[in-house]
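Since the structure comes first, as structure tokens, the remarks are kept for the end.
What follows is calculated from the coordinates using simple rules that are stated; it is not laboratory data. These numbers were taken from a predicted model, which means no experiment stands behind them. Because the Cβ atoms are built from the backbone with ideal geometry, glycine has one as well, and the counts that use them run over all protein chains shown.
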Amino acid sequence: MLCLRGRVSSFSHLAAAVAGLRSSSSSSSSSPPASSSSSASSSWRQPASPPRSSSPKHVRLLAHSAANNMAEEAKKLAAHAAVDNHVQNNQVVGVGSGSTIVYAVDRLAERVRQEKLNIVCVPTSFQARQLILQHSLTLSDLDRHPELDVAIDGADEVDADLTLIKGGGGCLTQEKIVAGCAKHFVVIADFRKDSKSLGEQWKKGVPIEVIPMAYVPVSRAIVKCFGGEVNLRMAVSKAGPVVTDNSNFLLDWKFERAHNWKEVNTAIKMIPGVVDTGLFVGMAERAYFGMEDGSVQVRDPPVN
Ligand code: 5RP
């Protein structure tokens, strides 16, 4: 994995905050963690005034907020690196969905403005379409631009082979179609998405988009063939299930063990009623991870 460095100072500030909060809540030691790597220890700082009198809940809340800020910074670093390295003038660009892609669209719009780039964007969801319009970028679709130069998208988890779980935000089918039409498919993620094997970090299972009338037989077939548990994804601010941009339902399959993801993806897609799965196998050609220490790590698929 390559490692790019950038914006360490703003990051190290956050790292220090979290380290300080952690040490004040769990130990009185003022030493950096013994297991710190050289890069991590270089970003460690003694907290200026440890919140000794804070209640543990208060400390936990502050640490949580600092960790969230760090994850947002990490998303931004990954997104900017991908846009800077993969987008050129006169390209058609696939725009993914989720929270990380927001930073990529910000950067894309900035580059279009500053460098006067001629870029056409193909969205992977209603959200992506709105982002493109809000940033005054040129909106297109697969009718007009069925061949894309590059697609950039987030992921819920990325394993060592660059197999992805996607669909945490419910947009997996259009994301897979757009990625499949792109010459290059690049993933952007923060450090929490980086796994050796799927399921290590992402605990919500593999999202599967289904035709609504088929959700029960599809759920039963998946459990029968592969075990685990399948749940219909329920909406949060609406009664009933989540309905996708394609008017379908989403299942989340919590698997119990590692599988041959290529075989499982093909088998699940063959179940009548399945539209697509959130398993992206052999599609991503590079992943950018924004890391806690302010670096960006780059992963390419292993050479077989
Ligand atoms: C949406 C997706 C997203 O790309 C994935 O959920 C990652 O989202 P975020 O960038 O918010 O972590 O697949 O269906």
Excluding residues on the same chain fewer than 8 positions from Lys57, give the aspartates and glutamates whose Cα lies under 12 Å from its Cα.
-> none
May I ask you to derive the FRET efficiency for Thr266 and Ser55 from their Cβ-Cβ distance with R0 = 45 Å, giving the value to the nearest 0.05?
-> 0.30
Taking r as the C-beta separation of Ser99 and Lys224 and R0 as 45 Å, the FRET efficiency to the nearest 0.05 is 0.80
For the range 64-296, compute Rh as the Kirkwood radius over C-alpha pairs and then the Stokes-Einstein diffusion coefficient at 20 °C and 1.002 mPa s; write the answer in µm²/s, rounded to an integer.
-> 119
Listing Asp300, Asp276 by rising number of other beta-carbon atoms within 10 angstrom, fewest first, gives Asp300, Asp276
Put in order of increasing Cβ neighbours within 10 Å, starting from the fewest, Cys225, Cys121, Cys171 give Cys225, Cys121, Cys171
In the range 255-297, GluC sites (Glu not before Pro) in a DSSP loop with at most 14 other beta-carbon atoms within 10 Å | Glu256
Two pseudo-spin positions, 7 Å from Cα along C-beta at Ser136 and at Arg257, lie apart in nanometres by 5.7
Give a quick list of GluC sites (Glu not before Pro) in the range 152-227 that DSSP marks as loop, anything other than H, G, I, E or B, with at most 15 other Cβ atoms within 10 Å.
-> Glu200
When only DSSP loop residues count, what trypsin sites (Lys or Arg not before Pro) in the range 219-254 have their Cβ near at most 14 other Cβ atoms within 10 Å?
-> Lys238
Using a Förster distance of 30 angstrom, determine the FRET efficiency expected from the C-beta separation of Ser197 and Asn118, and round it to 0.05.
-> 0.15
With a 10 Å Cβ neighbour count serving as the proxy for reagent exposure, in which order, fewest first, do Ser237, Ser55, Ser140, Ser97 appear?
-> Ser237, Ser55, Ser140, Ser97
